[in-house]
Structure formats: C-alpha cells, structure tokens
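Take a look at the structure set out below.
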Amino acid sequence: MKLMILINKIIKILKKEDDKMKFEAIAYEWLEYKKISVKESTYYNYMFIIEKYLKEKYKNKKIEELNNLNDLVQELSQKLSSKTIRDIINVLKAIMKYYEEEYGININYRRISVPKLEKSNIRILSNKEKKKIEKYCIEENSLKSLGIILCLNTGLRVGEICALKWQNIDLEDKNLCVKKTLQRVYDRKNKISNIIIDKPKTECSVRCIPINKKLYEILKSIKGKYKDEDFFLTGEKHKFIEPRNYQNTFKNILKKSKVKTIKFHTLRHTFATNCIDVGMDIKALSEILGHSSVEITLNKYVHSSRKMKKKYKKIVK
C-alpha cells in the first residue's frame, strides 16, 4: 500500500515536471522573464501574440515537438500582414531560444521562412487638402483641432500627441520635446484593457522637435491659459484623450474640411515628405521623426516625394 502511494506521488511529480516542458508553460515563463526588461506595452503585445496566435496552436505540445513551423507561416499568411507574421515568429523564436538557454536542450528552429515586408504606398496630403484642414482647425480653434495642426508641423504620432503636456512645449527655445506616448493595451489573459503612458517605442523616439514660426505664433497666444501638467489636447491635468478617440475626432475634422478620409499617420507622412521637398537634411529629419536609423527615413520617404521624383526625371533627361 505504501509502495503504491509512493509510486503515485512519483507519477504526479513526473507529470508536473512534464507539464513544465509544454509550450504554454515555457511561453509564460519566458514572458515573466521578459517583464522586467521591456516596456509595459511591449509586454502586453507579447502576451497578446501568445494568447491569440500560439497558445491554442501548440496546446499540450512540448517545445521539442514543435515542427513544420513553416506551415504556421503559411497558415498565418492567409489572413495576416507580413509585419504581423514576422512579429509572431520573432516571439516564437525568442521563446525557443529561452528554452534552449535555460534548459540546455538544443532544438532546430532557426530555419523558418518569413514573408518579406510589404512596401505600402505612402499617402500624403496635397497642398490644397492641407490648407483646407488647417483653415478649418484654426477657425474651430479648439485644443483638439490645434493638435492636428501641431501634428502636421511636427510629425508626431497619435500616441505622442495624446501624451503631450504643456510642460513639453518650450517657447523660449522654440522646441517641443517628445517624452511619452499613450496607448490602450488589451490583456487577453485577464480580459481587461489598460491605458499606459510610457516612453515612446524606441530610445530615438525620445526627442526634441523645432517649432516653426506659424506654430510658434499659435502656441504663444494660448499657452498662458494652461498649467505645465495639463495635457495639451484637453487642457486638464487628469484628463487625456485616447488615440482611438482622437482618430475619430480627426475623421470628423476631415469630413467638415471636405477632405477624403485618410489615416491619422498621413499627417506624419505629409510632414516628412514636405521636409524633404524643401531640402531638409535627411539625418536631421530622421532625428526629428524619431527613427532609429537614417536608412528608415530614406527607404520610407525619399522615393515618395513628388518633387524629388521630378528632380530625378530632369537629371535622367
């Protein structure tokens, strides 16, 4: 009898140890390991990928049993963009690498074919569209509408304008400093969403942007009404606007300005392309945009500039 109890205990221990080697357990172990070294928003993004794309797929499987990973890529390619697929595979590789290093077991996972990143056509506002939007925003004269003008003249991302506070605007030195970004993240595991105000996506995204004369005059006329701790878009310390809500505000502004619907990010694209058109140094523009390298700026914007294309045509002729 005692022997049977001992055997059952051993079986339970072995089963428990066996469960630890299952993909799901290792994935969450890796997630906890990463928690202290990544931004909170990045942590939740990793969790989202595990919960939505990997957990069910590899449920009850050991890491060593994960094979035909290229089949996963093929499956994902039917419904997701190249960028999303690459993000998923990068998380999967990171989990497997962690398993190798933590448990000293070599597994063959490196040879996974991922799709090339798709080059999308960048939409920018025409001068006519830009003037229509600016005219409406100036006449409407609310902080929300002025935020659109600010983005058109600085290239801020939507999360960055939502996190911007009046203390980040230095009219004496005529610059605007990006120090935070605001976003809502969804915790699929606990089925709740949270607002996170944290540092921008990369170290390079923490930056200062020169304020041009037009923007300076607008900001100078109203800055005295607000305190340093107030959010730019609300003029209040404890009240902010979420990116999704501000994107909806932007859609309404476009409608009232009689400009076709575009993505909020088009404001950033327009700013960058206009800077190139007037001959701004690419290195300076890259820093203003918060890109991690000049190559990103070159690849993304130089060839989208209409004036640049015309210039190249003349040279060819």
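The values are calculated or read from the model by the stated rules, or taken from the named source; none is laboratory data. Note that this is a predicted model, so its numbers are computed, not measured. Cβ sites come from the backbone with ideal geometry, for glycine too, and all protein chains shown count toward neighbours. We work out accessible area using only protein heavy atoms, side chains counted, and drop any ligands, DNA or RNA first. Shrake-Rupley method; radii C 1.70, N 1.55, O 1.52, S 1.80 Å.
Note on the chain: with a GNM built from Cα contacts shorter than 10 Å, the maximum mean-square fluctuation among Pro210, Pro115, Pro243 falls on Pro115.
Here is the link list: Lys132/Lys263; Lys220/Lys283; Lys165/Lys201. Which ones come out longer than 22 Å on Cα distance? Exceeds cut-off: Lys220/Lys283.
Surface analysis of the chain yields an accessible area of 61 Å² per residue, using protein heavy atoms and a 1.4 Å probe.
Anything over 27 Å Cα to Cα? Flag those among Lys57/Lys97; Lys79/Lys300; Lys57/Lys179, in the order listed.
Lys57/Lys179
Among Leu298, Leu171, Leu117, the residue with the largest mean-square fluctuation in a Gaussian network model of the chain, with springs joining Cα atoms closer than 10 Å, is Leu117.
Across the chain, the mean sequence separation of Cα contacts (distance under 8 Å, 6 or more residues apart), normalised by length, yields a relative contact order of 17 percent. Using Cβ point charges alone (K and R +1, D and E -1), the dipole size of the range 83-134 about the Cα centre works out to roughly 580 debye. Label separation (Glu75 vs Ile138): 5.6 nm, computed from points 7 Å beyond Cα along the C-beta direction. Taking springs between alpha-carbon atoms closer than 10 angstrom, which of Ile218, Ile124, Ile50 fluctuates most in the Gaussian network model of the chain? Per the Cα network of the chain with a 10 Å cutoff, Ile218 tops the list. Per-residue ellipticity at 222 nm, computed for the chain from helices alone with -39500 (n - 2.57) per DSSP H run of at least four residues, works out to -16500 deg cm²/dmol. Geometric descriptor of the range 120-277, per residue, is 137 Å³ (volume of the convex hull of the Cα atoms). Charged side chains reduced to their Cβ positions (Lys and Arg at +1, Asp and Glu at -1) give the chain a dipole of some 1540 debye around its Cα centre.
Of the residues Tyr46, Trp30, Ile107, the one whose Cα sits farthest towards the positive end of the charge dipole of the range 21-121 is Tyr46 (charges of +1 on Lys and Arg Cβ, -1 on Asp and Glu Cβ, taken about the Cα centre).
Placing unit charges on each Cβ (+1 for Lys and Arg, -1 for Asp and Glu) gives the chain a dipole about its Cα centre, and among Cys177, Ser257, Ser77 the Cα reaching farthest toward its positive end belongs to Ser257.
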